[in-house]
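Here is the structure we will look at, set down as structure tokens.
The values are calculated or read from the model by the stated rules, or taken from the named source; none is laboratory data. These numbers come from a predicted model, not from an experiment. Quick reminder, even Gly has a Cβ in these numbers, built from the backbone with ideal geometry, and neighbours come from all protein chains shown. Surface accessibility is based on the protein's heavy atoms, side chains included, excluding ligands, DNA and RNA. Shrake-Rupley method; radii C 1.70, N 1.55, O 1.52, S 1.80 Å.
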Amino acid sequence: MRLILNLIWLILAGFWMVVGYAIAALICFILIITIPFGIASLRIAAFALWPFGKTLVRRPHAGVASGIGNVIWFVLCGWWLALGHLVTGIALCITIIGIPLGLANFKLIPVSLLPLGREIVPAGEASAF
């Protein structure tokens, strides 16, 4: 079932969101000082490309630097990526078949707003954190 949902996701929402994350990464790489944010954007893009079967957990060792980095990320890229997930999620929830895909979009909003201090893990390993 995950494979089917991931393939439908890839066609309807995943590809377009990955393009958004790639643009965010490019902007961050151009600004040189924000290269770590570009790397985080590419990590999230991989999650946005194939989200079913993975989940998000907080890293217990994330500190103040992650918080400051999240504020900078929010200003540069986070708000418009989260807006993209919100709009796409609402559009997908209009149809019954699209509801799981819309919910997956809503699942990606927190990581698109505040990516630092979080880790993407397989769904079965989430309880270990």
| message | For a test of the definition: using alpha carbon positions, the gyration tensor, and the 1.5 limit on a/c, classify segment 69-129 as rounded, prolate or oblate. | response | oblate
| query | Hey, any idea what % of the chain's accessible area is carbon plus sulfur with a 1.4 Å probe? | reply | 79 percent
| note | Residues whose modelled amide H sits under 5 Å from the amide H of ARG118, counting only those 5 or more places away in sequence or on another chain, are ARG59
| note | Rounded to two decimals, the Debye log10 I(q)/I(0) of segment 18-80 (Cα scatterers, no solvent) at q = 0.18 Å⁻¹ is -0.69
| field | Taking the C-alpha atoms of the chain, convex hull volume expressed per residue in Å³ | value | 88 Å³
| field | Per residue solvent-accessible surface (Å²) - the chain, probe of 1.4 Å | value | 56 Å²
| note | Between ILE23 and ILE90, the two model label points (7 Å from Cα along the beta-carbon direction) sit apart by a distance in nm of 1.9 nm
| query | How would you order 60-73, 3-16 from highest to lowest mean count of nearby Cβ atoms within 10 Å? | reply | 3-16, 60-73
